[in-house]
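**Q** Okay, handing you the structure first.
Just so it is clear, none of the values below were taken in a lab; they were calculated from the coordinates. These numbers come from a predicted model, not from an experiment. As a convention, Cβ positions derive from the backbone with ideal geometry for all residues, glycine included, and neighbour counts pool all protein chains shown.
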There are 2 protein chains.
Amino acid sequence: MRIAIDAMGNDNGSQVFVDAIKMFLHDFNDVNIVVYGKEEEFLCFKDQDNIEIIDCHQYITMDDGLLAVKRKIDSSMSKILTDLAENRIDGVVSAGSTGALLTLSIAKIKTISTIERPCLLATVPSTTDRVFQYLDMGANSDTSAHNIHQFALMGQIYSKIVFKVEHPHVRLLNIGVEKGKGDKLHKEAFELLNNDDRLIFGGNIEGRDMFNGEADVIVTDGFSGNMTLKAIEGTAHFAFDQLKSAIYSSTLSKIAGLLLKKTLVQVKDKLDYSRYGGAVLIGLEKPVVKAHGSSNAKAIYNALIRLHVIIKNDTINILKRELQ
Amino acid sequence: MRIAIDAMGNDNGSQVFVDAIKMFLHDFNDVNIVVYGKEEEFLCFKDQDNIEIIDCHQYITMDDGLLAVKRKIDSSMSKILTDLAENRIDGVVSAGSTGALLTLSIAKIKTISTIERPCLLATVPSTTDRVFQYLDMGANSDTSAHNIHQFALMGQIYSKIVFKVEHPHVRLLNIGVEKGKGDKLHKEAFELLNNDDRLIFGGNIEGRDMFNGEADVIVTDGFSGNMTLKAIEGTAHFAFDQLKSAIYSSTLSKIAGLLLKKTLVQVKDKLDYSRYGGAVLIGLEKPVVKAHGSSNAKAIYNALIRLHVIIKNDTINILKRELQ
């Protein structure tokens, strides 16, 4: 298995990749790693047989527009996706610009023939032990009910294969639980989901219940999915900001805050799920995992593990077969 | 000024209204209160000249469907809105079902002639001292760009009159900050907002930055508005649930948690802004304030104060005049 890493265009430089690769290869010895980045930054690996460095000097920045993204044909991201399309590697992890990764992946790698639009899937923790697959996180800004239906099918299969959930329960993210709630798009999507015998569809779910562990797959259109995700992010930051101010307001609470510091960081990390395991661009003929731009080594390591599980379980071939 | 309270159909019974009225009349002596509820539950006010009780025995439950809502013509909510429409009272606070309040308000009270659709406005705190007006919270499930434009104008005028912000800055809630981001609806809304000289339009804002105190008005369609709101609610609960589990995980953190208990409750309350001041149904010819169904006395008191400010400042007449 050849797992490739786009080691440029992220916020934290190349050291996070070096550390992540070391951790990953310590745990998995059936894998070859191909790194797309500046050769001189990965010299520590130069005598290792299972690591190959593809020397890149051009990369896509977070601020590059669509035109720049397409023009930079020597960028690490462009090269890695070309190699993925041409079967030289088996899967990609990138912590570069999401927009660029979406654009280039969709341009270079075939979409599964029965799928109209690929989308972004995140795995999100809940208050129980149950995690859920959340899609579309925002790969599409205008989505049809038919697209949402396909996202649900992909989420269900992904949950089965990658998370070994035997009978994944699917819910539609909406503004009310009853049938007939929501805008035209979500009413139509509800009907499609409800009429598909392949799905175990439990109806609508509201954002306030998302984290209650009531579903294995929560599906929505890309616009709402992205809106909701950013609201979650904003609220988590707001909550911790307020907590911090409150803790600093008195000596007693400062002491308590110090005692709780580790605990607070743990909770914050759990909420910041975008950093764990990455988001999967699902619906393409090859696996692409998007790690957060400001991923640390642990987050890159988690994204590598996610990709490893996806490849090992032949996820994309099963997806293709089941979606025929 | 005659301020009316629909004292039925909420989660916490009539005592919260009794307490709220006492607090409110202690602070404001220029107001008459009209209570729509069971007379026997408000006997403590029977000798008070500035309080009138309209005896009601029927009320709308949180589970009543649209048909039941319309049929219950003797419900406290139906009666209070009829009296508001017929000028017997100057404004209404209700903690009953949001759906019912929307349906009955729109049916009984005229919409401002230049406004196509009324919407729900909430006042939300930020990490700075600046609060922002957030609309549409979810009165409409299918919204046009033209509707969003009108919501923005109403939000701006409301911010000026009720919160005394001289030059309110308006932002459009969207999935990216750049012009051209978002779905068709939000791209169209962006153009309308951007081309209106009456607005100080600062462009798009993402949910993750909502709480940063960068705007006085954040406008969006009712579907996204409601989605976002419920995600905020879900995240806040999730964060505190995780924090609680983490605190209970060791003796040391339990002690720290005890020391911080008051602080944690304060932060939780601040995030749960739906309980403070209520949401205003804006765009109608009369003021209707929706308090949260599980409001305590303080929350009802805050909703009464909000309504008082709206009436005292002649908000609706100014809205009508400025929207001509």
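**Q** Please report the net charge: other residues with Cβ closer than 10 Å to the Cβ of B:LYS187, K and R +1, D and E -1.
**A** Details: positive: B:LYS179, B:LYS181, B:LYS184; negative: A:ASP142, B:ASP183, B:GLU188, B:GLU191.
Surrounding charge for B:LYS187 is -1.
**Q** When chain A is treated as a GNM, springs tying every alpha-carbon pair under 10 Å, which of A:SER249, A:SER295, A:SER105 comes out with the largest mean-square fluctuation?
**A** A:SER249
**Q** Using 1/(1 + (r/R0)^6) with R0 = 30 angstrom and r between the beta carbons of A:GLU178 and B:GLU214, what's the FRET efficiency to the nearest 0.05?
**A** Details: r = 36 Å, r/R0 = 1.19.
So the FRET efficiency works out to roughly 0.25.
**Q** Return an integer: the convex hull volume of the alpha-carbon atoms of the range B:55-158, in Å³ per residue. Walk me through the numbers on the way to the answer.
**A** Values: hull volume 15.1 nm³, N = 104.
Looking at the range B:55-158, the number lands at 145 Å³ per residue.
**Q** On to the next question. Count the lysine pairs in the range B:1-91 that are 8 or more places apart or on different chains: how many have C-alpha atoms under 20 angstrom apart?
**A** Details: B:LYS22/B:LYS38; B:LYS22/B:LYS46; B:LYS38/B:LYS46; B:LYS38/B:LYS72; B:LYS38/B:LYS79; B:LYS70/B:LYS79.
Eligible lysine pairs with Cα atoms under 20 Å apart amount to 6.
**Q** From the convex hull of the Cα coordinates of chain B, what is the mean projected area in square nanometres? The partial results should precede the final answer.
**A** Values: hull surface 72.0 nm².
Convex hull of Cα atoms, orientation-averaged projection: 18.0 nm².
**Q** log10 I(q)/I(0), Debye, Cα-only the range A:122-275, no solvent, q = 0.11, 0.18 Å⁻¹?
**A** Here log10 of I(q) over I(0) equals -0.48, -1.01.
**Q** Sorted from largest down, give the three principal axis spans of the alpha carbons of the range B:34-97, whole angstrom values.
**A** Taking max minus min along each principal axis of the Cα atoms, the range B:34-97 gives 38, 25, 17 Å.
**Q** May I ask you to list the GluC sites (Glu not before Pro) in the range B:182-249 that are in a DSSP loop and have at most 16 other Cβ atoms within 10 Å of their Cβ?
**A** Details: sites: B:GLU188, B:GLU191, B:GLU206, B:GLU214, B:GLU233; in loops: B:GLU206, B:GLU214.
When the GluC sites (Glu not before Pro) of the range B:182-249 are filtered for loop state and at most 16 Cβ neighbours within 10 Å, B:GLU214 remain.
**Q** Sticking with this one: Cα-Cα pairs above 37 Å in the protein assembly as shown: how many percent? Walk me through the numbers before you get to the answer.
**A** Working: 87792 of 209628 pairs.
Across the protein assembly as shown, Cα pairs with separations above 37 Å total 42 percent.
**Q** What residue among B:ALA236, B:ALA85, B:ALA297 has the largest mean-square fluctuation in a Gaussian network model of chain B, using Cα springs under 10 Å?
**A** Result: B:ALA236 has the largest fluctuation of those listed.
**Q** Still on this model: For the range B:209-260, what's the radius of gyration and Dmax over Cα atoms, in angstrom?
**A** 16.4, 47
**Q** Determine the percent antiparallel among the DSSP beta bridges restricted to chain A, to the nearest 5.
**A** Working: 11 of 39 bridges.
Bridges in chain A are about 30 percent antiparallel.
**Q** Using a 7 Å offset from Cα along Cα-Cβ at B:GLN15, what residues in the range B:278-298 end up with backbone N under 17 Å from the label point?
**A** Zone members listed by number: B:294-298.
**Q** Under unit Cβ charges (Lys, Arg +1; Asp, Glu -1), what dipole magnitude, rounded to 20 debye, does the protein assembly as shown have relative to its Cα centre?
**A** On the way: 74 positive and 82 negative charges, 121 e Å.
Once rounded to the nearest 20, the dipole reads 580 debye.
**Q** Which listed residue (B:THR251, B:PHE240, B:VAL69) has the Cα farthest towards the positive end of the charge dipole for chain B, taking +1 on Lys and Arg C-beta and -1 on Asp and Glu C-beta about the Cα centre?
**A** After comparing all options, I get B:THR251.
**Q** Taking chain B as a Gaussian network, Cα atoms linked when under 10 Å apart, which of B:SER250, B:SER76, B:SER144 shows the biggest mean-square fluctuation?
**A** Among B:SER250, B:SER76, B:SER144, the largest mean-square fluctuation in the Gaussian network model of chain B belongs to B:SER250.
**Q** Would you mind computing, in nm to one decimal, how far apart the modelled labels at A:ILE73 and A:VAL265 are, each placed 7 Å from Cα along Cα→Cβ?
**A** Rounded to a tenth, the inter-label distance reads 4.7 nm.
**Q** Same structure, new question: Any idea what the B:GLN324 label distances to the other copies are, label 7 Å down the Cα→Cβ vector, nm, shortest first?
**A** When each copy's label point is compared with this one, the spacings are 7.1 nm.
**Q** Identify the trypsin sites (Lys or Arg not before Pro) of the range B:192-279 meeting these criteria: DSSP loop state and at most 12 other C-beta atoms within 10 Å of the C-beta. Each step should come with its number before you reach the end.
**A** Numbers: sites: B:ARG198, B:ARG208, B:LYS230, B:LYS244, B:LYS254, B:LYS261, B:LYS262, B:LYS268, B:LYS270, B:ARG275; in loops: B:ARG198.
Loop-located and lightly packed - B:ARG198.
**Q** Specify the inter-centroid distance of the range A:37-108 and the range B:17-61, based on alpha-carbon positions, in whole Å.
**A** 69
**Q** DSSP H helices in chain B with Cα extent of 24 Å or more along the helix axis and mean Kyte-Doolittle hydropathy at least 0.0? Show your work: numbers first, answer last.
**A** Values: long enough: B:145-163 (26 Å, 0.49); B:222-247 (37 Å, 0.19); B:251-271 (27 Å, 0.40).
Helix filter hits for chain B: B:145-163, B:222-247, B:251-271.
**Q** I've got another one for you. Dipole of the range B:122-275, Cα-centred, from +1 at each Lys and Arg C-beta and -1 at each Asp and Glu C-beta, to the nearest 20 debye? Mind dumping the intermediate values first?
**A** On the way: 18 positive and 19 negative charges, 156 e Å.
About 740 debye.
**Q** List the chymotrypsin sites (Phe, Trp or Tyr not before Pro) within the range B:165-274 that DSSP assigns to loop and that have no more than 12 neighbouring Cβ atoms inside 10 Å. It would help to have the intermediate numbers written out before the result.
**A** On the way: sites: B:PHE190, B:PHE201, B:PHE211, B:PHE223, B:PHE238, B:PHE240, B:TYR248, B:TYR273; in loops: B:TYR248.
Those satisfying the criteria are B:TYR248.
**Q** Between the label point of A:GLY13 and that of the same position in each other copy, find the distances and list them shortest first in nm, with every label point placed 7 Å from Cα along the Cα-to-C-beta direction.
**A** The projected label point of A:GLY13 is separated from its counterparts by 6.4 nm.
**Q** What is the magnitude of the charge dipole of the range A:22-139 about its Cα centre, with +1 placed on the Cβ of each Lys and Arg, -1 on the Cβ of each Asp and Glu, and no other charges, expressed in debye to the nearest 20? Let's see the in-between values first.
**A** Details: 12 positive and 18 negative charges, 107 e Å.
Its charge dipole is roughly 520 debye.
**Q** If you don't mind, there's one more thing I want to ask. Quick check: pseudo-label points 7 Å beyond the Cα along Cα→Cβ at B:THR251 and B:ASN194, how many nm apart are they?
**A** Placing both labels 7 Å along Cα→Cβ, they lie 6.3 nm apart.
**Q** Take the eigenvalues of the Cα gyration tensor for the range B:146-221, scale each by 5, and report the square roots as semi-axes in whole Å, largest first. Present the calculation step by step, with values, prior to reporting the outcome.
**A** Working: eigenvalues 73, 40, 18 Å².
They are 19, 14, 9 Å, listed largest first.
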